[in-house]
Every structure is written in C-alpha cells, then in structure tokens.
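The values are calculated or read from the model by the stated rules, or taken from the named source; none is laboratory data. What you are looking at is a predicted structure, and each value in this text was computed from that prediction instead of being measured. Note: ideal-geometry Cβ built from the backbone for every residue, glycine included; neighbour counts use all protein chains shown. Just the protein is used for accessible areas: all its heavy atoms, side chains included, with ligands, DNA and RNA removed. Shrake-Rupley method; radii C 1.70, N 1.55, O 1.52, S 1.80 Å.
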Amino acid sequence: MTTELDVIPSGAIDSFAGVGYYFDLAKLQPRERVVDLGSGSGMDSFIAALKVGPAGRVIGIDMTDEQLAKAEQLRKTAGIAHIEYRKGYIQGTGLADAEFDLVISNGVINLAPDKSTVFHEAARLLKPGGRIALSDIVTETQLPDGITCDATLWAACIGGAMRADDYLKSIGSAGFRVDQVRDNPQYRFISKNAQLAALKFGVKSISLVATRI
C-alpha cells in the first residue's frame with residue numbers, strides 16, 4: 001500500500017524536524033489553498049500539496065534561506081507546480097487577507113516569543129470557516145526561568161513552550177474555535193536534558209485543529 005512518505009521527496013523526510021501529525025484532523029480537500037508556517041525543508045508542504053491536488057495551492061513560509069533553497073530544489077526536482085516557497089515570518093507573512101482554507105504548522109509556533117501574534121496572523125489569512133491544524137510542544141506546568149532561558153532547550157522546542165491551557169486560550173482569543181486536541185505520546189525528545197525537563201514539567205507534543213469563527 002502506497003503511503004504519503006512513499007510519494008514525497010526523500011530529502012524532505014531526511015531533514016524533517018516536526019513534532020507530530022495532524023493531517024487526519026485537517027481533512028484537506030482537493031482545490032483548497034494552504035499556508036505552511038515555518039515550512040522548513042518542505043515535508044508538510046509536500047503532504048498538503050498531495051492532498052489538495054494540482055488544482056489546489058500551497059505556500060510555504062520560512063525565514064531561513066538555507067531551508068527555502070532546499071525546499072525549492074526538492075520541489076523543482078519533484079516537478080510539483082502548485083507549491084510556492086516564500087521568505088517571511090510566521091507572525092507576519094505578507095500574504096493577503098482571507099484567501100486560504102487552511103493554515104498548518106509543525107513544531108514551530110512554540111519558538112515564537114509572542115504566540116498570540118502568530119495565531120492572529122493565521123486568523124487573518126483564513127477565510128471564514130477556514131481551519132488551523134498543527135502539531136506543537138506545550139507543557140502541563142509553567143516553566144521556570146532556568147528552562148525558558150536555556151538556549152539548548154529552546155532549540156529542543158522546550159524552552160519556548162507554553163502551558164497547554166494558555167496555548168489553547170491564545171488560539172481562541174485569535175478568533176478560533178478549538179475543535180479537537182490530542183496528545184502525541186509517541187513523540188520523544190532526543191537529548192538527556194530535554195528528556196528530564198519533559199518528565200519534570202510535563203512537556204509534550206500535541207496535535208489540534210481549530211476553525212476560524
């Protein structure tokens with residue numbers, strides 16, 4: 001049986017840095033328009049493009065020249081015409097208002113100092129009734145300064161993590177109705193420091209989908 005991983009560029013899989021899977025929650029349809037916030041080397045953009053088909057559109061936003069160049073090279077090699085990669089910031093993409101059906105993101109929003117701004121930007125991009133679907137790192141308890149100021153734990157997606165309740169409230173305050181949230185217990189942190197912090201403070205991966213209201 002052919003899976004998504006069998007048909008997207010292997011180079012995107014090799015450098016994938018996401019923290020979960022949410023496409024079953026997103027319920028993408030053919031012809032839909034998608035924005036990928038923090039698209040990296042493009043893995044989630046490629047999956048989205050597969051689901052929306054050639055009549056749909058996917059725009060990946062990333063601030064890193066190296067990642068954009070890699071994603072664009074993989075796109076060209078694969079001959080996928082309905083993906084476009086643009087340099088930009090997840091809190092200010094520069095894209096037009098209310099032109100998209102879905103915003104996606106994977107393991108990136110936790111790195112933003114002001115997550116509320118990112119969620120408001122996602123709401124701005126979406127048509128009424130559009131969705132945001134994402135995977136990200138959250139915590140069960142408030143992180144102490146020793147964790148939030150640790151650069152290595154920021155790099156491991158822990159230092160910037162928000163309490164789960166506050167994260168969901170921030171999404172709601174941006175104009176969304178949170179429809180479904182689930183934990184991703186299969187996700188594991190790699191470094192020993194990250195593993196210890198995860199155990200002590202309840203740091204975990206979640207996936208969710210919310211609707212623009």
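Table for the structure above
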quantity: Heavy atoms of residue 6 accessible to a 1.4 Å probe, total area in Å² rounded to 10; calculated: 100
quantity: Long pairs among 76/192; 127/200; 27/115; 87/192; 51/192; 127/169, criterion Cα-Cα beyond 30 Å; calculated: 76/192; 127/200; 87/192; 51/192
quantity: Bridge type composition, the chain - antiparallel percent by DSSP, nearest 5; calculated: 40
quantity: Cubic angstrom per residue, convex hull over Cα atoms of the range 72-148; calculated: 134
quantity: GNM result for the chain, Cα springs below 10 Å: residue of 41, 105, 191 fluctuating most strongly; calculated: 191
quantity: Extension gain (nm, one decimal) between residue 10 and residue 141, 0.36 nm per residue minus Cα-Cα; calculated: 43.5 nm
quantity: Förster-model FRET efficiency, 45 Å R0, residue 114 and residue 31, C-beta, rounded to 0.05; calculated: 0.85
quantity: Using distinct alpha-carbon pairs, which all enter the 1/r mean, Kirkwood radius of the chain in Å; calculated: 17.2
quantity: Candidates 67, 29, 186, ranked by Gaussian network fluctuation over the chain, Cα under 10 Å, top entry; calculated: 186
quantity: Semi-axes of the equivalent ellipsoid for the range 8-126, Cα gyration tensor, largest first, Å; calculated: 20, 17, 13
quantity: GNM top mover of 63, 162, 43 - the chain, alpha-carbon springs below 10 Å; calculated: 63
